[in-house]
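Shown next, in structure tokens, is the structure this report addresses.
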Amino acid sequence: MKQAGAALNTYLPHSIRLPFGYCVTVKAVAPRTLKRVAQAEVMGCWDVATRTIYIDKTMEEKEQRYVLTHEMMHAFADWQHHALDGGVDA
């Protein structure tokens with residue numbers, strides 16, 4: 001059995017590149033760091049300003065992948081806004 005959060009980067013990416021130069025960084029962090037970044041107790045969060053997904057490194061691999069997928073949906077929505085609208089509010 002794997003130790004929870006022991007090696008996030010062996011099964012999740014460090015970054016994800018989307019078209020048009022939009023790169024999303026993925027960081028596994030301690031719960032206290034995640035709480036500080038998200039300003040709430042969550043399992044993960046998307047920071048649009050830094051284009052970074054933060055994931056609780058103490059979760060099991062399956063949970064981390066689920067959270068990554070969820071946060072990528074937020075990142076994808078921001079990428080779509082950036083790519084199609086040039087980041088300009090409609």
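The values are calculated or read from the model by the stated rules, or taken from the named source; none is laboratory data. Since we're looking at a predicted model, the values are computed, not measured. Virtual Cβ from ideal backbone geometry, glycine too; neighbours counted across all protein chains shown. Ligands, DNA and RNA are stripped out before the accessible areas are found, and what is left, the full protein with its side chains, is counted by its heavy atoms. Shrake-Rupley method; radii C 1.70, N 1.55, O 1.52, S 1.80 Å.
Among the protein heavy atoms, those of Glu41 account for about 150 Å² of accessible surface (1.4 Å probe, every chain in place). Using θ = phi - 60° in the Karplus curve 6.51 cos²θ - 1.76 cosθ + 1.60, the 3J(HN,Hα) couplings for the range 56-62 round to 5, 6, 8, 7, 5, 3, 4 Hz; x is entered for Gly and Pro.
Within the accessible area of the range 13-90, the carbon and sulfur atoms contribute 55%, probe 1.4 Å, all protein chains present.
Loop-located chymotrypsin sites (Phe, Trp or Tyr not before Pro) in the range 8-90 (DSSP state other than H, G, I, E, B) with a sparse environment of at most 12 neighbouring Cβ atoms within 10 Å: Phe20. Accessible area per residue was computed with a 1.4 Å probe on protein heavy atoms; Met59 scores about 10 Å².
Solvent-accessible surface of the range 24-90, averaged per residue with a 1.4 angstrom probe and all protein chains in place: 64 square angstrom. With the whole protein complex present, Ile16 retains an accessible surface near 40 Å², based on a 1.4 Å probe. Within a Cβ distance under 11 Å of Val42, other residues only, what is the Lys/Arg minus Asp/Glu net charge? Computed value for this residue: -2.
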